[in-house]
Amino acid sequence: MFMRKSDFFFFFIAVNVCALLLFFLHAVVIQGNSETLLGENSEMVKRLRLTDLCLFTDARYTRHPAMTDLNTPFQDHPSALEHFPSGTLAGPPPHLRSQ
Amino acid sequence: MSRLNRQRNIIDFTLSSLLRRKRKNTALVLVYTLVVFGLASVFFSTQALKREACSVLQKSPDIVIQRLVAGRHDLIAESYVNKVKDIRGVQSAQGRLWGYYYDPTVGANYTLMVPDGPFRGEGTIVIGKGVARTLHAQKGDLVPFRTYDGSFISLEVDDMLSAQSELVTADLVLLTENDFRQITGVPRGFLTDVGVTAKNPRELATIAEKIRRLLPDTRPIMKDDILRTYETIFDWRGGVLLVILAGSIFAFVILAWDKASGLSSEERKEIGILKGIGWETSDVIVMKFWEGAVISLSSFLLGCVFAYIHVFFTSSALFEPVLKGWSVLYPQFRLTPSIDPLQIATLFFLTVIPYTVATIIPSWRAATIDPDAVMRL
């Protein structure tokens, strides 16, 4: 099919670039379709007056990071150290650090 | 010979040269692709989560007031709600009753919450899909809850929250105020915190200041603070993302350094022969440029394509253990794809350009030496 090696290389690059462009298109189309879903979710947030995403449920302070205290990760026992894996992903919220 | 044809000839030669060292170059492309894949996966997933958080949490309360006692979040008296309502500019202020419940039978944490307005009958609950999955609960099932005084009450599952809303509701258990107080022991007349809506969002800072003055033992948390929390969590400049990024960049620096620190004797010999048979220094540099470009561009594109598939078609399957942590209850959600072209461009300039440049420099040094001397090395 390919006369020269460079043809194969250009074909390979073109396929990958096309795939990336298709993914861009896919992202735009899905974003358009998901507006309703996002709307429903934000209505749920409004109705229940939620403040956080449900991403990490292992520790209280990472389940609702926006509502947490600086001391909550360390209150299990005296000189307790933060030990939940999600604590490494979700740091303290900026409004606590700026206090 | 046209310029294009000349470049194609050089690329042909470059590819043949790369294929002569098939094993080494395949390994190089694999590692390089993995580095780009890791970085791009992190970029894609954080960007999508940030977008989701920003749009969904836009409808959170404008201000949430928490009471602090000895520096810790404490219950707030219902009388505070009326005081806040009287502040000019406040449209509504309503107490929120919510808390955590650890279920020792499955080892999962739930968020108990009393919704506003009329709720189904006493003794019933509405649960998020994550809770239903963890408990294998169906509509009509009874779920036992251990109350604060050690006794048990069973609440009937009346309904389930939609699977599409798992990102915000997976661990929710909605119940009546009486059931909530019976389980948690929160006394009547007290709330968890107060949600405030302002008439004019531009007055939020003033309202927060008034709240601070009127109720000095409280802390107002603004909606901007909530949104910024998620900006920070998924910010590539902080936390674990920086560690991942730094690790990948160091791996890449080693890769590029190895390339830039010198050519193998075989490569030097090849350059010497090419110069000996009449190639110009510029031809050798162009050849080496293509060598770097073939490897880095292929790896970059492959890494990005695989990262997109990983994040948006497999729901970041490889990151799942990291995100789950010790969570027993984990939401199952598919992120809405969101790609920031700036991030792709950053990734391109971080990976493709330095590698290509690193390939050219030692070749230029070798190509400027006398071919006879290079071949004798």
Next item on the list: Identify all residues within region B:140-194 that are in a loop (DSSP other than H, G, I, E, B) and either within 14 Å of another protein chain (Cβ to nearest Cβ) or surrounded by 12 or more Cβ atoms within 10 Å (Cβ to Cβ) (or both); write none if there are none.
Entry: B:Asp141, B:Thr147, B:Leu161, B:Ser162, B:Ala170, B:Asp171, B:Leu175, B:Thr176, B:Val186, B:Thr192
Next item on the list: Any chance you could count how many residues in region B:294-322 are free of Cβ contacts under 8 Å to residues at least 24 places away in the same chain and either at positive phi or at the interface with chain A (Cβ under 7 Å from one of its Cβ atoms) (or both)?
Entry: 3
Margin query: Pairs needed: first member in region B:330-356, away from chain A (no Cβ under 11 Å) and within 13 Å of A:Ala27 (Cβ to Cβ); second member anywhere, of a type in the set (A, V, I, L, M, F, W, C) and assigned to a loop (DSSP other than H, G, I, E, B); C-beta distance under 9 Å; at least 6 residues apart or different chains.
Written below: B:Gln343/B:Trp236
Margin query: If I ask for residues that are among the hydroxyl-bearing types (Ser, Thr, Tyr) and at the interface with chain B (Cβ under 7 Å from one of its Cβ atoms), which ones from region A:44-85 would you list?
Written below: A:Thr51, A:Thr57
Checklist line | Filter result (in a helix (DSSP H, G or I) and surrounded by 13 or more Cβ atoms within 10 Å (Cβ to Cβ)) within region B:64-84 | finding: B:Tyr80, B:Val81, B:Lys83, B:Val84
Margin query: Just to be sure before I move on: is B:Ser298 within 15 Å of the chain's Cα centre (by Cα) and surrounded by fewer than 22 Cβ atoms within 10 Å (Cβ to Cβ) in the structure I sent?
Written below: no
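Residues are listed down the side, and each one gets a yes or a no for (1) part of a helix (DSSP H, G or I); (2) open to solvent by 30 Å² or more (accessible area, probe 1.4 Å); (3) touching a Lys or Arg at 6+ places or on another chain (Cβ under 7 Å); (4) of a type in the set (Val, Ile, Thr):
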site	(1), (2), (3), (4)
B:Asn25	yes, no, no, no
B:Val35	yes, no, no, yes
B:Val42	yes, no, no, yes
B:Gln47	yes, yes, no, no
B:Val56	yes, no, no, yes
Note to self: Cβ contacts < 8 Å: first residue farther than 15 Å from B:Phe348 by Cα and in the same structural domain as B:Ser296 (by TED's automatic domain parsing), restricted to region B:246-258; second residue at pLDDT 75 or above and part of a helix (DSSP H, G or I), any location; separation 6+ or different chain. Result?
What the structure shows: B:Ala251/B:Val31; B:Ala251/B:Val35; B:Leu255/B:Leu28; B:Leu255/B:Val31; B:Leu255/B:Tyr32; B:Leu255/B:Val35; B:Leu255/B:Tyr355; B:Trp257/B:Ala358
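The values are calculated or read from the model by the stated rules, or taken from the named source; none is laboratory data. Keep in mind the model is a prediction, meaning the values are calculated, not measured. Note: ideal-geometry Cβ built from the backbone for every residue, glycine included; neighbour counts use all protein chains shown. Only protein heavy atoms, including side chains, enter the accessible area calculation; ligands, DNA and RNA are left aside. Shrake-Rupley method; radii C 1.70, N 1.55, O 1.52, S 1.80 Å.
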